[in-house]
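Below: one structure, written as structure tokens.
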């Protein structure tokens with residue numbers, strides 16, 4: 001004989017009288033209306049009929065990543081604007097948010113890796129020539145952080161609107177270009193050609209800027225804001241490298257050394273990106289900070 005349920009354990013949250021429940025009036029926007037959920041939750045198209053079980057996982061992981069990339073780009077734009085106006089505190093606050101977004105992107109690989117090679121092979125061919133390399137959300141982040149590689153725009157030439165957007169992005173000063181301008185406004189001797197250069201070209205570092213950072217790092221109390229900014233930029237760089245590494249590792253675990261769907265060499269192509277850097281001077285200055293025992297900094 002079963003025991004009757006203990007009703008005192010059944011808790012009801014209830015609905016407070018003040019809660020809005022009638023959204024029939026157009027002036028009232030519901031949660032679903034505000035977030036446009038009818039559209040958002042119905043754009044996860046699968047590739048095959050019938051769909052394979054892990055197609056939805058694959059699509060949502062990548063769509064969610066694109067949303068995080070969009071938010072990350074927005075926050076970097078806000079950060080760049082703060083730097084243009086010498087607002088150190090707000091800029092570094094934005095870095096904290098950017099880093100949090102990066103960690104969300106990194107975590108997505110762990111979820112994707114619950115998909116095994118046997119799962120992926122059931123629908124991989126249906127992807128055709130699509131590839132993450134074609135993500136313009138990712139591309140504009142690379143541009144704003146300083147990797148101004150115009151050749152990477154070729155995969156977008158079929159889309160005039162995207163090409164125009166990326167063209168604007170590549171011509172804008174990168175975050176680090178604005179940092180160099182900030183150094184000049186802080187009283188450091190920055191060469192004029194670095195302040196008014198062609199910003200559509202990549203910046204590969206400059207010994208004169210490294211010397212400025214050396215002064216900052218050797219006298220952190222005198223240049224605390226710049227020191228904190230430099231370390232914040234290095235945090236972004238480090239997390240970006242971790243994201244790239246986890247991406248390459250995830251791909252290798254699932255498809256091994258097979259070619260990528262977009263025609264790339266696959267893992268080998270992704271691993272080459274691990275050598276890319278945004279903030280060359282901040283790496284170079286580290287080699288300048290350590291001296292033989294018989295030497296001391298001037």
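The values are calculated or read from the model by the stated rules, or taken from the named source; none is laboratory data. These numbers come from a predicted model, not from an experiment. FYI the Cβ positions are ideal-geometry reconstructions off the backbone, even for glycines, and counts take in every protein chain you see.
Observations on the model:
- Across region 146-175, the number of residues qualifying as out of contact with any helix residue (DSSP H, G or I) (no Cβ under 8 Å at 6 or more places or on another chain) and in a helix (DSSP H, G or I) comes to 7.
Conditions (1) more than 16 Å from residue 233 (Cβ to Cβ); (2) surrounded by 14 or more Cβ atoms within 10 Å (Cβ to Cβ), marked per residue:
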site: 74; (1), (2): yes, yes
site: 77; (1), (2): no, yes
site: 82; (1), (2): no, yes
site: 88; (1), (2): no, yes
site: 94; (1), (2): no, yes
site: 107; (1), (2): yes, no
site: 114; (1), (2): yes, no
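- Filter result for the condition that a residue is more than 24 Å from residue 87 (Cβ to Cβ) and without any contact (Cβ under 8 Å) to a residue 12 or more places away in the chain, over 201, 193: 193
Yes or no, residue by residue, for (1) modelled with pLDDT under 95; (2) under 22 Å from residue 284 (Cβ atoms); (3) surrounded by 15 or more Cβ atoms within 10 Å (Cβ to Cβ):
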{"position": "153", "(1), (2), (3)": "yes, no, yes"}
{"position": "166", "(1), (2), (3)": "no, no, yes"}
{"position": "169", "(1), (2), (3)": "no, no, yes"}
{"position": "173", "(1), (2), (3)": "no, yes, yes"}
{"position": "191", "(1), (2), (3)": "no, yes, no"}
{"position": "196", "(1), (2), (3)": "yes, no, no"}
{"position": "199", "(1), (2), (3)": "no, yes, yes"}
{"position": "210", "(1), (2), (3)": "no, yes, yes"}
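- With respect to (1) buried (at least 21 other Cβ atoms within 10 Å of the Cβ); (2) within 25 Å of residue 87 (Cβ to Cβ), the lone exception for residue 139 is condition (2).
- Meets criteria (farther than 24 Å from residue 173 by Cα and at pLDDT 95 or above) for residue 61: yes
- Applying the criterion of being at pLDDT below 90, over 23 Å from the mean Cα position of the chain (by Cα) and on the phi < 0 side of the Ramachandran plot to the residues of region 221-264, the residue that is surrounded by the most Cβ atoms within 10 Å (Cβ to Cβ) is 255.
- Exactly one residue out of 106, 43 is farther than 30 Å from residue 186 by Cβ and assigned to a helix (DSSP H, G or I), and it is 106.
- For region 239-283, a tally of residues being under 21 Å from residue 144 (Cα atoms) and in contact with a helix residue (DSSP H, G or I) (Cβ under 9 Å, 6 or more places away or on another chain) returns 19.
- One residue from 143, 133 being under 21 Å from the mean Cα position of the chain (by Cα), over 20 Å from residue 280 (Cβ atoms) and assigned to a helix (DSSP H, G or I): 133
- Taking first residues from region 27-42 that are surrounded by 11 or more Cβ atoms within 10 Å (Cβ to Cβ) and partners that are modelled with pLDDT under 95, the Cβ contacts under 6 Å between residues at least 6 apart in sequence or on separate chains come to 30/23.
- Conditions (1) in contact with a helix residue (DSSP H, G or I) (Cβ under 7 Å, 6 or more places away or on another chain); (2) surrounded by fewer than 17 Cβ atoms within 10 Å (Cβ to Cβ); (3) in contact (Cβ under 8 Å) with a residue 40 or more places away in the chain: number failed by residue 181: (2)
- Selection from region 217-259 of residues that are in a helix (DSSP H, G or I) and free of Cβ contacts under 8 Å to residues at least 24 places away in the same chain: 224, 227, 231, 238, 251, 252
- Residue pairs meeting the criteria (Cβ under 6 Å; at least 6 apart or on separate chains; first farther than 30 Å from residue 166 by Cα, in region 116-141; second part of a helix (DSSP H, G or I)): 117/254; 120/254; 123/55
- Which numbered condition residue 204 misses (of (1) closer than 27 Å to residue 104 by Cβ; (2) touching a helix residue (DSSP H, G or I) at 6+ places or on another chain (Cβ under 8 Å)): (1)
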